[in-house]
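Quick notes on the structure that follows.
The values are calculated or read from the model by the stated rules, or taken from the named source; none is laboratory data. Given the structure is predicted, the values throughout are model-derived calculations rather than measurements. Reconstructed Cβ throughout: ideal geometry from the backbone, glycine too, with neighbour counts over all protein chains shown. Protein only, heavy atoms only, side chains kept; ligands, DNA and RNA dropped before computing areas. Shrake-Rupley method; radii C 1.70, N 1.55, O 1.52, S 1.80 Å.
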Amino acid sequence: MFDKKILVTGGAGFLGSHLCAKLVSGGYDVLCADNFFTGSKRNISSLLDASNFELMRHDVTFPLYVEVDQIYNLACPASPVHYQFDPVQTTKTSVHGAINMLGLAKRVKARILQASTSEVYGDPEIHPQPESYRGRVNTFGPRACYDEGKRCAETLFHDYEQQHDLSIRVMRIFNTYGPHMHPNDGRVVSNFIVQALNNEPITLYGDGSQTRSFCYVDDLIEGMMSFMALETDGVGPVNMGNPEEYSIRELAEKIIALTGSRSTITYKPLPQDDPLQRCPDISKAKSLMDWAPKTPLEEGLQKTISYFEDLLQAR
Ligand code: NAD
Ligand code: UDP
């Protein structure tokens, strides 16, 4: 018998597939629910034969009736290109998805973790961002479907905790990268690596001075599981990400150097509402769970480059 039954929504996506793999190898009974909008069976193909892994095609905007002990709610496209493709569905996924998964958690008395985001801070005036910062988000912009959907989901999690005494964990994830990102994902690390490996121009939006902080996926998943395992309720949202900050131009230059690519940089307009700076204050995660990322950027990039090299070769 396996220890605990765990539902992972969005389990065939980038982060979800790494989480499922860790949970399966830890002896948990894992149910992965995904509508395959951005996820793929390839990401979880190595788990399909495991007796403690089950895959289910399901859209979280519809109710789900299963019996589980814990829920990780990751379902939602995370790349701006994908979440802006059908913005109404993106908001529905965050809001209806949260209502459905919280309803499920309430019925079966399961602890539930929400994959929230640094996007709740919008284009921030406070730097780095602590959890107490309330953010600067445009309700009328192209990122609003994602940002406001995630903000509303946080409110629902808070209110289910207050009103129904649910055990909730709200994790504000900052830019994370690694193997299993989709080659056409549209996010910066996968875009730059695929372009560099193909010796195609690297598409730099704006002048490349905007900053991000990049966390390697293994570090993030370790943090996510520690947060779920934390036995203290009522701690509020917790930032997780790597506090080392780089400009996007620096990232492009690093990836060109690490791949030995002949690519040159081509400049494209900065998308509307693209945050100019982003860096997590992770002191809360450190004090609650003694968590901090360990993987240096170059090491994580190297592993991600190897993954994409194999993927492109197989094609
Ligand atoms: P991803 O796009 O690779 O994975 C999302 C998964 O959710 C995919 O498998 C997709 O098919 C699935 N999905 C989308 N809509 C769904 C729906 N309505 N019903 C069921 N499944 C659905 O993205 P990711 O990077 O793995 O992100 C996972 C979660 O973490 C998301 O909620 C995202 O907002 C959050 N997050 C990620 C990052 C990051 O840097 N990776 C940063 C902040 C927040
Ligand atoms: N970016 C870029 N070129 C690309 C993709 C992204 O210059 O091909 C920039 C983007 O404008 C943003 C940063 O890289 O400033 C991070 O973008 P991403 O889509 O990865 O995530 P975000 O943090 O904006 O949600």
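Based on what the data block shows, is R151 within 25 Å of N242 (Cα to Cα), touching a helix residue (DSSP H, G or I) at 6+ places or on another chain (Cβ under 7 Å), open to solvent by 30 Å² or more (accessible area, probe 1.4 Å) and not in a strand (DSSP E or B)? So R151 passes the test.
Within the bounds of the stretch 91-104, is there any residue that is of a type outside the set (S, T, N, Q) and either in contact with an Asp or Glu (Cβ under 6 Å, 6 or more places away or on another chain) or part of a strand (DSSP E or B) (or both)? Among the residues of the stretch 91-104, not one is of a type outside the set (S, T, N, Q) and either in contact with an Asp or Glu (Cβ under 6 Å, 6 or more places away or on another chain) or part of a strand (DSSP E or B) (or both), which makes the answer no. Within the set V81, V88, the sole residue that is part of a helix (DSSP H, G or I), under 27 Å from A144 (Cβ atoms), touching a Cys at 6+ places or on another chain (Cβ under 8 Å) and open to solvent by 10 Å² or more (accessible area, probe 1.4 Å) turns out to be V88. If you go through the stretch 90-115 and keep only what is farther than 16 Å from L166 by Cα and more than 7 Å from ligand 1 (Cβ to nearest atom), you end up with T90, T91, K92, S94, V95, H96.
The residue that is modelled with the lowest pLDDT, among those in the stretch 62-80 that are more than 10 Å from ligand 1 (Cβ to nearest atom) and not hydroxyl-bearing (S, T, Y), is P80. Scanning the stretch 195-219 for residues that are within 15 Å of ligand 1 (Cβ to nearest atom) and touching a Leu at 6+ places or on another chain (Cβ under 7 Å) yields F214, V217.
Across the stretch 264-275, the qualifying residues are those that are under 21 Å from the mean Cα position of the chain (by Cα) and on the phi < 0 side of the Ramachandran plot, and the one among them that is most open to solvent (accessible area, probe 1.4 Å) is P271. Considering the stretch 208-315, the qualifying helices (runs of 4 or more DSSP H), each wholly inside and each with 2 or more residues that are among the polar types (S, T, N, Q) and either touching a residue at least 12 places away in the same chain (Cβ under 8 Å) or farther than 27 Å from D3 by Cβ (or both), run over 283-289, 297-314. So, in the stretch 276-293, of the ones that are buried (at least 18 other Cβ atoms within 10 Å of the Cβ) and within 11 Å of ligand 2 (Cβ to nearest atom), which residue ends up farthest from S167 (Cα to Cα)? Among them, the one singled out is Q277. When M225 is tested against (1) within 16 Å of ligand 2 (Cβ to nearest atom); (2) of a type outside the set (K, R); (3) closer than 16 Å to S116 by Cα, just one condition goes unmet, and that condition is (1).
Every condition in (1) open to solvent by less than 20 Å² (accessible area, probe 1.4 Å); (2) basic (K, R); (3) part of a loop (DSSP other than H, G, I, E, B) is met by R134 except one, and the failing one is (1).
Quick grid of which residues meet (1) surrounded by fewer than 20 Cβ atoms within 10 Å (Cβ to Cβ); (2) within 13 Å of ligand 2 (Cβ to nearest atom); (3) touching a residue at least 24 places away in the same chain (Cβ under 8 Å):
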position: F157; (1), (2), (3): no, no, yes
position: H180; (1), (2), (3): no, no, yes
position: R187; (1), (2), (3): yes, yes, yes
position: S190; (1), (2), (3): no, yes, yes
position: A196; (1), (2), (3): no, yes, yes
position: E200; (1), (2), (3): yes, yes, yes
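Of the residues that make up the stretch 34-56, is at least one among the hydrophobic types (A, V, I, L, M, F, W, C) and under 20 Å from E161 (Cα atoms)? Scanning the stretch 34-56 turns up no residue that is among the hydrophobic types (A, V, I, L, M, F, W, C) and under 20 Å from E161 (Cα atoms). Here the stretch 65-120 is the region considered, the condition is being under 21 Å from N184 (Cβ atoms) and among the aromatic types (F, W, Y), and the residue that is nearest to the chain's Cα centre (by Cα) is Y83. Per the listing D59, D3, the residue uniquely in a loop (DSSP other than H, G, I, E, B), more than 10 Å from ligand 1 (Cβ to nearest atom) and either open to solvent by less than 10 Å² (accessible area, probe 1.4 Å) or farther than 17 Å from D218 by Cα (or both) is D3.
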